[in-house]
Amino acid sequence: MEIVFPNIQFWNLFRYPKLQKNKNFIYVLEKAMRILEEFSSTSPNLTLTELEKKTGYGPGTTHRILKTLTELGYLRFTAETKRYSLTFKILNLGFSAISRTEIREIVRPQLQNLASITKQVVSFGILDQVDVVYIDRVQSNAFRLGVDIRIGTRIPTYYTAIGKSILAFLEEKKIREILNSQMLVDPFTKECIELERIIKELKSIRKQKWCYSEPAPAIRVLAAPILDQYSNPIAAISIAGLQLNSTKDSFIDENLNHLSHTTGQLGPALSILGSCENY
């Protein structure tokens, strides 16, 4: 005997008991939220077919919702694997509560440990649209930088080592899209920077998997991306210190291994949150 399962709207009557009497309930919005809810720590990356099976929605409906959520930046689609994953834009829905989110609970102990080992200032940031947003920062007990970057601070991507570390691991089309939306000007000389020069720099960063910069007088910064299993960028961490305490080479030599170890550990832990490519 063939078993015919009720359609998804039938099951919604059990999920939302008052649904049948509520004329204001929007089914398509419920379907979009249901798709977002299917992503979890055990299923961080899902295909169109997998989401069809999990939700019971038809291929046309599922595809349209996925395309919409991707265009809006809440999902990222990886062409190589044909899988979707959540992006950090989900955090924007409750960004004021970011200090209580799981991401800081995961990241902060690692940042504190890194700051303790290196005796430097450690920062954690993500890409949101075309800016870097600083999510957390740990000051070393050894000293404090004169530059005050508060949690939630937004800075154009190219002007930070964290931003460059993330940009370097995006697809070139996305990189150009982001950079073309920004004023590419040297912060010290105020001269315009050629786009192709930046692209070349980012390719070098991608190859070595870290970025060094001197964003302000007397300050050195070393940053590295946090990558998922497909080498897509999730976020980045930077270590900042005073130039008078070291040379460029010694600063890199003393801190790079510790930084790489930390980003390597955080990659698997943060992969559930997805790549930042569509922020």
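The values are calculated or read from the model by the stated rules, or taken from the named source; none is laboratory data. Just so it is clear, the structure is predicted and the values come from calculations on it, not from any experiment. Note that each Cβ is placed from the backbone with ideal geometry, even for glycine, and that neighbours are counted across all protein chains shown.
Which of (1) in a helix (DSSP H, G or I); (2) modelled with pLDDT of 85 or more does L93 not meet, given it meets every other one?
The number of the failed condition is (2).
Within region 55-65, work out how many residues are in a helix (DSSP H, G or I) and either among the aromatic types (F, W, Y) or over 18 Å from R76 (Cβ atoms) (or both).
So the count comes out to 4.
Can you name the residue in region 112-125 that is surrounded by 22 or more Cβ atoms within 10 Å (Cβ to Cβ) and not in a strand (DSSP E or B) and is also modelled with the highest pLDDT among such residues?
L114
Take S204 and tell me if it is among the hydroxyl-bearing types (S, T, Y) and surrounded by 17 or more Cβ atoms within 10 Å (Cβ to Cβ).
No.
Please list, ordered by first then second residue, the pairs with beta carbon atoms under 7 Å, 6 or more apart or interchain, first in region 191-210 and free of Cβ contacts under 8 Å to residues at least 60 places away in the same chain and part of a helix (DSSP H, G or I), second surrounded by 11 or more Cβ atoms within 10 Å (Cβ to Cβ) and of a type in the set (S, T, Y).
Final answer for the pair search is I198/Y158; I205/S165.
Could you pull out the residue among S99, S85 that is at pLDDT 90 or above and not basic (K, R)?
Being at pLDDT 90 or above and not basic (K, R) holds for just one of S99, S85, which is S85.
If I ask for residues that are surrounded by fewer than 12 Cβ atoms within 10 Å (Cβ to Cβ), under 25 Å from E80 (Cα atoms) and modelled with pLDDT of 70 or more, which ones from region 1-52 would you list?
E37, S40, T42, T49 - these are the residues of region 1-52 that are surrounded by fewer than 12 Cβ atoms within 10 Å (Cβ to Cβ), under 25 Å from E80 (Cα atoms) and modelled with pLDDT of 70 or more.
Hey, can you tell me all the residues within region 61-79 that are out of contact with any strand residue (DSSP E or B) (no Cβ under 9 Å at 6 or more places or on another chain) and either under 16 Å from L227 (Cα atoms) or surrounded by 22 or more Cβ atoms within 10 Å (Cβ to Cβ) (or both)?
I65
Quick one: count up the residues across region 168-190 that are in contact with a Phe, Trp or Tyr (Cβ under 7 Å, 6 or more places away or on another chain) and in a helix (DSSP H, G or I).
1
Go over the candidates S250, S231 one by one and state the one that is among the polar types (S, T, N, Q) and in a helix (DSSP H, G or I).
That would be S250, the only listed residue that is among the polar types (S, T, N, Q) and in a helix (DSSP H, G or I).
Say whether the condition of being among the hydrophobic types (A, V, I, L, M, F, W, C), within 21 Å of Q120 (Cα to Cα) and at pLDDT 90 or above is met by at least one residue in region 173-193.
No - not one qualifying residue is present in region 173-193.
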